[in-house]
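For reference, the structure is listed below as structure tokens.
The values are calculated or read from the model by the stated rules, or taken from the named source; none is laboratory data. Source: prediction; values computed, not measured. Cβ placement follows ideal geometry from the backbone for every residue including glycine, while neighbour counts extend to all protein chains displayed. Side chains are part of the model used for accessible areas, which takes the heavy atoms of the whole protein and leaves out ligands, DNA and RNA. Shrake-Rupley method; radii C 1.70, N 1.55, O 1.52, S 1.80 Å.
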Amino acid sequence: MRYNEKELQALSRQPAEMAAELGMRGPKKGSVVKRRLVKLVVNFLFYFRTDEAEPVGALLLEHCRVAQEEPSGFSISFLEDPERKYHFECCSEEQCQEWMAALRRASYEFMRRSLIFYRNEIQKMTGKDPLEQFGISEEARFQLSGLKA
Amino acid sequence: MKLNQRSLAFHATCDAPADNAGFQYKKGGRHAAHHRRWSVPRGTMLFCFGDAAGREPVGVIILEGCTVELVEAAEEFAFAVRFAGARAHTYVLEAESQAAMEGWVKALSRASFDYLRLVVRELGHRLAAARAGGPLPPRRPHALPPKEDGCALWSAEIPAPAAAPRSLPGPEPPPLPPCRRASAPSGPLDSASFAQLHEWYGQEVRALRGQWLRSQAQP
């Protein structure tokens, strides 16, 4: 699938919500742990060799599952292939928890569902639709019916 | 750069609702040939399938940071998706009607993660204020994206929201909360007092601020 790699590279240089040097192990059998600078920008997780400016790769964080693996490690896997896991090693359990919380909130889908939830709650409390002021109240992606059970 | 392409393809064909799926003509990069593509905006991406809604997209435009503009072009109903940067590519797309073009421009202008995050934060703030009691004060959301007003230029770049809570008349509202999981509505928010809410949000804000400070210290 073609994609606009230059823009993705530019995105990797934007201010990050979280950035740290972590141990990272790819999903292939027999991969070893490597030190990577890991950077969370919007719904992408970029990973760099520690002395390079361009990322080695990026993970789009939609439909992913973040799970704790050891006291200070976590994994990211994706819905369409749950056995393929990217492993990350943190320096402490606290750092691990921080990253897991941030990654779970980092998807567009999560925010979309949060928006629907808030919209519904505000409507129940005030009787008004808060999205009308933004002119987006009719968009399909923000409807209550868009929430899966 | 490596990218988890399989996940990207999955995201393209997942069954979340998509606004504005439709046919577009897309001008290729170096070649002037137009390709008719079934295009589906999904989150912060615009996926292009072949001539019909195929199983896997042939390409995707990551929309984060783009500006969507009307263009003067020989083609009718044309608009451009433009990126910043010296050698950045500009995608010229053509819709099939005036109404479709306007729909696309609106949809793509609002496709960025930052836009959604801004709206979610604003709603979270309002919900917290409503739960803390008292009427919602009138607000002029000066940092928020404007409603559609017929301007030709639609920018998806939104200024970063202020980190500090806005000052309102009456009791100080709790700091802006991070996003709440939609699947856990009966969290601590439901029956907490204002003081409890304030402390709870305050902890998370302190943690986020700590993260931000550490990230600023990175080379």
Neighbours by Cβ (under 7 Å, 6+ apart or cross-chain): first from the stretch A:18-33, β-branched (V, I, T); second open to solvent by less than 20 Å² (accessible area, probe 1.4 Å) and outside any loop (DSSP other than H, G, I, E, B): A:V33/A:G23; A:V33/A:M24
Test: A:S145 is without any contact (Cβ under 8 Å) to a residue 24 or more places away in the chain, within 27 Å of B:P41 (Cα to Cα), within 7 Å of chain B (Cβ to nearest Cβ) and in a helix (DSSP H, G or I): no
Index of the failed condition, A:A102 passing every other in (1) touching a Gly at 6+ places or on another chain (Cβ under 9 Å); (2) touching a residue at least 24 places away in the same chain (Cβ under 8 Å); (3) open to solvent by less than 60 Å² (accessible area, probe 1.4 Å): (1)
Residue match in the stretch B:32-40 (condition: at pLDDT 65 or above and out of contact with any Lys or Arg (no Cβ under 9 Å at 6 or more places or on another chain)): yes
Selection status of A:L40, touching a strand residue (DSSP E or B) at 6+ places or on another chain (Cβ under 7 Å), facing chain B (nearest Cβ under 7 Å) and not in a loop (DSSP other than H, G, I, E, B): no
Residues satisfying the stated conditions in the stretch B:42-56, i.e. at pLDDT below 85 and open to solvent by less than 70 Å² (accessible area, probe 1.4 Å): B:F49, B:G50, B:A52, B:G54
Odd one out for A:R113 among (1) over 30 Å from B:G133 (Cβ atoms); (2) touching a residue at least 12 places away in the same chain (Cβ under 8 Å); (3) open to solvent by 30 Å² or more (accessible area, probe 1.4 Å): (1)
Condition check for A:C91: more than 9 Å from every other protein chain (Cβ to nearest Cβ), farther than 21 Å from B:A111 by Cβ and open to solvent by less than 40 Å² (accessible area, probe 1.4 Å): no
Flag for A:R65 being free of Cβ contacts under 8 Å to residues at least 40 places away in the same chain and under 18 Å from B:H11 (Cα atoms): yes
Number of positions in the stretch A:48-66 that are more than 13 Å from the chain's Cα centre (by Cα) and open to solvent by less than 40 Å² (accessible area, probe 1.4 Å): 4
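Considering only residues that are within 10 Å of chain B (Cβ to nearest Cβ) and assigned to a strand (DSSP E or B), look in the stretch A:1-34 and name the one that is surrounded by the fewest Cβ atoms within 10 Å (Cβ to Cβ).
It comes out as A:R2.
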The stretch B:65-82, residues that are open to solvent by 20 Å² or more (accessible area, probe 1.4 Å), under 30 Å from B:N4 (Cβ atoms) and touching a helix residue (DSSP H, G or I) at 6+ places or on another chain (Cβ under 7 Å): B:G65
